[in-house]
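Here the structure is laid out as structure tokens; the discussion comes afterwards.
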Amino acid sequence: MGSLGFLKNSTMVCAPLMAESVEQMLKDMQKAKSEGADIVEIRLDCIKNFQPRKDLEILLRNKPLPVIILYRTQFDSNQHIQLEALQFAKELGADYIDIEFEAAAEFMKEQNFSKCSSSKTIVSSYVNSAKSSKEDLSRLVVSMQSIGADIMKVVISATDITELVNIFHLLSHCQIPLIAYSTGERGLISQLLGPKFGSYLVYGSLDGNTLPGVPTLNSLKQAYKVECIDPDSKVFGLVSKPVSHSKGPFLHNPTFRHVGYNGIYVPMLVDDLKEFFRVYSSPDFAGYSVGIPYKEAVLNFCDEVHPLAQSIGAVNTIIRRPKDGKLIGYNTDCEASITAIEDALRAHGCTNGEEVVSSPLNGKLFVLVGAGGAGRALAFGAKSRGARLIIFDIDLERAKSLAESVSGEARQFEDLSRFQPENGAILANATPIGMHPNTERIPVAEATLKEYKLVFDAVYNPRRTTLLKDAEAAGAITVSGVEMFLRQAMGQYNLFTGGKAPQDFMREIIMTKF
């Protein structure tokens, strides 16, 4: 790869540019360079009133980075325009030319096209992943190479994250330069893990021009630090749906690098837990965080479950045990949330007049909204500290089941708007209400907030939710979900790495970047 690439022994980061004018393309090239791109891909078909020789001369004469010239046409009648533009690009010294497989054979036969050798030729193919096996993709790559491609590009349209394993298999076994990835949100990890499996390049979007399934240049270079990823990197990820809100990668990845641990943490949009764990069974995939809505259901896919997680009935962390590959489930949410609440109460002098070893939650009414995975962790934690629980959930039967487990009381979710708590109670929101992008809602009547001593919100995006703002205005102590997120992440780090989390470093990231 070293003789063809611009970064020896490293995957390049490419910014796709789709500006409508040559002037904007030039500006975007400069922006891509400033944001850390190694190379840019110029989509000529996006330029309005495109004039091949004139526009290409300007673009290539003023390029601040190596370029891939790409021209997509929709109709066979326009292929001569594409061929003419790509011929000009080669003559003018473009670093790479990208040609679609269906048209490449004819193009490669053209005398003027094949003579020039200063440009490398990328032959690309777009396939339906659901209908393409590993063998199908391998045969496709062989066919692409046979027509004289310097580099192959295979793009699939995955409808499920499990289909991406075919990409990783293809990359791992290909002996020639290959770019392979999937489009869309479910294909995101094909870009993030491309360097691990040997992709020639991965794509990163300009800040402010995000594309589905394409990470930003900034995240690739700063959070994920793709140049640090290699075949030995262990993969960790958040298994959730939705997953785009997660800030886990911006905490775990810098922490891994800070301590010199060779790992990468990625968001994983999962639709089918059973199929996901069946497909991703490799030791490379070493552990997972578990988010909404899977914290309870995932117990069924763990080979073993830690006693605390078993009693709670929810798992938020899974480790693949190295010696036998078994999946072990844990819960770090429980202590994270309860200690965050206790520490906030103690910081405000709320100790029930007792020894500090006694929990300030002892004897207090704990009003819990949400009986899902996070809610169960809060409920069991509060019960262990001697609190009295009332539980609201949109699923009354689920609320009753949890209430029975912690000797609490279950109420209809609809009653929450009329519920009047006793003075000095604790309120904990363990639902997605108030999460980005629907940030305006709160789960309780605003007028009741003045009765609560403390309000906790498990939502951490945004950091200061509307619920916390309203509660603070009403005079309550507030605890952000960011604090719970930090503490549970520290617990996860310990499980992921077998080491001790660098608490000060992780807290600094939370305080400065979240």
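The values are calculated or read from the model by the stated rules, or taken from the named source; none is laboratory data. Since the model is a prediction, treat every value here as computed from it, not as a measurement. Reconstructed Cβ throughout: ideal geometry from the backbone, glycine too, with neighbour counts over all protein chains shown. What goes into the accessible areas is simple: the full protein's heavy atoms, side chains included, and nothing from ligands, DNA or RNA. Shrake-Rupley method; radii C 1.70, N 1.55, O 1.52, S 1.80 Å.
Going down the list Lys33/Lys120; Lys131/Lys221; Lys131/Lys295; Lys27/Lys54; Lys323/Lys500; Lys221/Lys247, which pairs span over 25 Å between their C-alpha atoms?
Check vs 25 Å cut-off fails for Lys131/Lys221; Lys131/Lys295.
How large is log10 of I(q)/I(0) for the range 301-361 at q = 0.14, 0.16 Å⁻¹ when the intensity is taken from the Debye formula with one equal scatterer per alpha-carbon?
Computed log10 I(q)/I(0) values: -0.54, -0.62.
With a 1.4 Å probe and all protein chains left in place, how much of the accessible area of the range 207-254 comes from carbon and sulfur atoms, in whole percent? Don't jump to the answer; show the numbers that get you there.
Values: 970 of 1950 Å².
On the range 207-254, the fraction of accessible area on carbon and sulfur atoms equals 50 percent.
Before I look further, what does the chain give for accessible area per residue, probe 1.4 Å, in whole square angstrom?
Heavy-atom SASA per residue in the chain reads 42 Å².
Which of rounded, prolate or oblate describes the range 367-494 when judged by the alpha-carbon gyration tensor and an a/c cut-off of 1.5?
Values: a/c = 1.40, a/b = 1.05, b/c = 1.34.
It comes out rounded by the Cα gyration axes.
Evaluate the charge dipole of the range 94-236 about its Cα centre and quote only its size in Debye, nearest 20, assuming +1 on the Cβ of each Lys and Arg and -1 on the Cβ of each Asp and Glu. Please report the intermediate quantities before stating the final value.
On the way: 12 positive and 16 negative charges, 44 e Å.
Charge dipole of the range 94-236: 200 debye, to the nearest 20.
Find the Rg to Rh ratio for the chain, where Rh is the Kirkwood radius over alpha-carbon pairs and Rg uses the same atoms.
With Rh from the inverse mean 1/r over Cα pairs, Rg/Rh is 1.06.
What translational diffusion coefficient, to the nearest whole µm²/s, does the range 470-514 have by Stokes-Einstein, given a Kirkwood radius computed over alpha-carbon pairs, a temperature of 37 °C and 0.692 mPa s viscosity?
Numbers: Rh = 11.9 Å.
After rounding, the answer is 276 µm²/s.
Express the carbon and sulfur contribution to the solvent-accessible surface of the range 286-396 as a percent, rounded to the nearest whole number, probe 1.4 angstrom.
Details: 2210 of 4120 Å².
Carbon and sulfur atoms account for 54 percent of the accessible area of the range 286-396.
Per the Kirkwood formula on distinct C-alpha pairs, the Rh of the range 159-239 is how many angstrom? Mind dumping the intermediate values first?
Values: mean 1/r = 0.0774 Å⁻¹.
Final number for the Kirkwood radius of the range 159-239 is 12.9 Å.
Taking all protein chains together and a probe of 1.4 Å, list Arg507, Arg441 from the most accessible to the least accessible.
Working: Arg507 85, Arg441 145 Å².
Ranked from most to least accessible, the order is Arg441, Arg507.
Output the peptides 233-242, 374-383 sorted from most to least packed, where packing is the average of other Cβ atoms within 10 Å over each peptide's residues. Before the final figure, lay out each step's value.
Details: 233-242: 21.4, 374-383: 27.7.
Listed from highest to lowest mean packing, they are 374-383, 233-242.
Which value, in debye to the nearest 20, gives the size of the charge dipole of the chain about its Cα centre, when Lys and Arg are +1 and Asp and Glu are -1 at the Cβ?
Values: 54 positive and 59 negative charges, 163 e Å.
Using only the charged Cβ atoms, the result is roughly 780 debye.
Counting alpha carbon pairs within less than 8 Å and at least 6 residues apart, what relative contact order, in whole percent, applies to the range 269-353? Let's see the in-between values first.
Working: 96 pairs, mean separation 20.9, N = 85.
This gives 25 percent for the range 269-353.
Where a ≥ b ≥ c are the square roots of the eigenvalues of the C-alpha gyration tensor, would you call the range 179-221 rounded, which needs a/c under 1.5, or, failing that, prolate if a/b is larger than b/c, or oblate? Spell out each step's value before the answer.
Values: a/c = 2.21, a/b = 1.40, b/c = 1.58.
It is oblate, given that a/c is not under 1.5 and a/b is not larger than b/c.
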